[in-house]
1. Looking at the chain only, what percent of DSSP beta bridges run antiparallel? Nearest 5 please.
2. Please state the equivalent ellipsoid semi-axes for the range 34-169: what are the square roots of 5 times the Cα gyration tensor eigenvalues, largest first, in whole Å?
3. Rounded to two decimal places and with Rh computed the Kirkwood way over Cα pairs, what is Rg over Rh for the range 148-283?
4. Convert each backbone phi in the range 11-23 into a coupling constant with the Karplus relation 6.51 cos²θ - 1.76 cosθ + 1.60 (shift: θ = phi - 60°), then list the ³J(HN,Hα) values in order as whole Hz, x for Gly and Pro.
5. What's the magnitude of the charge dipole for the chain around its Cα centre, counting Lys and Arg as +1 and Asp and Glu as -1 at the beta-carbon? Answer in Debye, nearest 20.
6. Hey, could you grab the Kirkwood Rh for the chain? Inverse mean 1/r over distinct alpha carbon pairs, Å, one decimal.
7. Long-range amide H contacts for residue 242: which residues qualify at under 5 Å (H placed 1.01 Å from N, peptide plane, sequence gap of 5 or more or a different chain)?
8. Test of understanding: in a Gaussian network model of the chain with alpha carbons linked when under 10 Å, which of 140, 215, 191 would top the mean-square fluctuation ranking?
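The values are calculated or read from the model by the stated rules, or taken from the named source; none is laboratory data. Keep in mind that this is a model prediction, so the values were computed, not measured. Don't worry about glycine lacking a Cβ; one is built from the backbone with ideal geometry, like all the others, and counts go over all protein chains shown. Just so you know, the surface numbers come from the protein's heavy atoms only, side chains and all, with ligands and any DNA or RNA stripped out. Shrake-Rupley method; radii C 1.70, N 1.55, O 1.52, S 1.80 Å.
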Amino acid sequence: MAVIIDGKALSAKLKNNLKDEVEALKGEGIETCLAVIIVGDNPASRVYVNNKKKSCAELGIKSLEYALPEDTTEEELLSLIDELNSDDSVDGILCQLPLPKHICEKNVINSISPRKDVDAFHPENVGHIMIGDYTFLPCTPAGVMEMLKEYEIEIAGKNCVVVGRSNIVGKPMTMLLLKENATVTVCHSRTKDLASFTREADILVSAVGKVGLITADMVKENAVVIDVAINRLESGKLCGDVDFENVKEKASFITPVPGGVGPMTIAVLMKNTVKAAENRKNR
Ligand code: NAP
């Protein structure tokens, strides 16, 4: 049976290490500050924003919340971001996605100053990830890398399969694994015979958002299985893409949902925010 990777405990450990840095910055007169914008009343987004605020409070990071109504115009949102970009007391700016349909996400992402872009979604930061020289780590993929490191899972030379190719998870995940010298295959909705790829994976990362997508017969014996997805069942319970109960009997390591990748994403977000505050000294 697989070792269950405890994302909650590891996230707590990483956040605890950041506490001292936040305190030291305070001693230098820098109060680390994250501005969080949420537009509309998507319940999942509300949960994510609350968790981020809670982590800020735990670490002594000041958080500013801008809860805007659903009918906020793109112009109004961009003008708020502009204000936060030029406010020297704000280190990080995060705009919770998804946004209402009438607002262009690309315009919003592009409007956040790259030096305050703690989600690392701005094309300039994405470019840095591509060439392996980054200021801000992509939160979810970097959280996965922290898990692999903590559990001493070898990456170099391994066959890694990433299912999903989104800009925020699949693509940056591929880049980080490649940087650590894995051989990486990326699968997506147009991949023919997904199982033929996943069965070859020493490390399998699934980031799709489909309940039951990865079944035990699709997983190699002793593979490391990382489930990034967060799906809400009708019962209200959360689960990932992976058939956890059966796959855990076959894998060597596996992440649960909840309590796996999710908490790690927030830990890396906090790390990026502290880094942005450190960079205040160079502004
Ligand atoms: P997304 O933008 O919807 O991307 C999903 C990807 O899955 C796409 O690349 C899509 O392919 C691919 N896909 C869809 N159906 C497929 C299938 N049957 N077989 C193989 N690939 C398929 O989603 P995302 O933002 O990357 O998020 C993915 C999941 O991770 C979601 O459940 C989300 O909630 C979760 N998530 C979790 C965290 C965390 O902190 N744990 C953070 C972010 C996201 P195409 O490109 O061809 O459409």
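1. Approximately 5 percent, going by the DSSP bridge assignments.
2. They are 28, 17, 16 Å, listed from largest to smallest.
3. Reported Rg/Rh, Kirkwood definition of Rh: 1.01.
4. 4, 4, 5, 5, 5, 4, 5, 6, 3, 4, 5, 5, 5
5. Here the chain has a charge dipole of around 420 debye.
6. 19.5
7. Those lying under 5 Å, H to H, from residue 242 are 212, 214.
8. Result for the chain, Cα springs under 10 Å: 191 fluctuates most.
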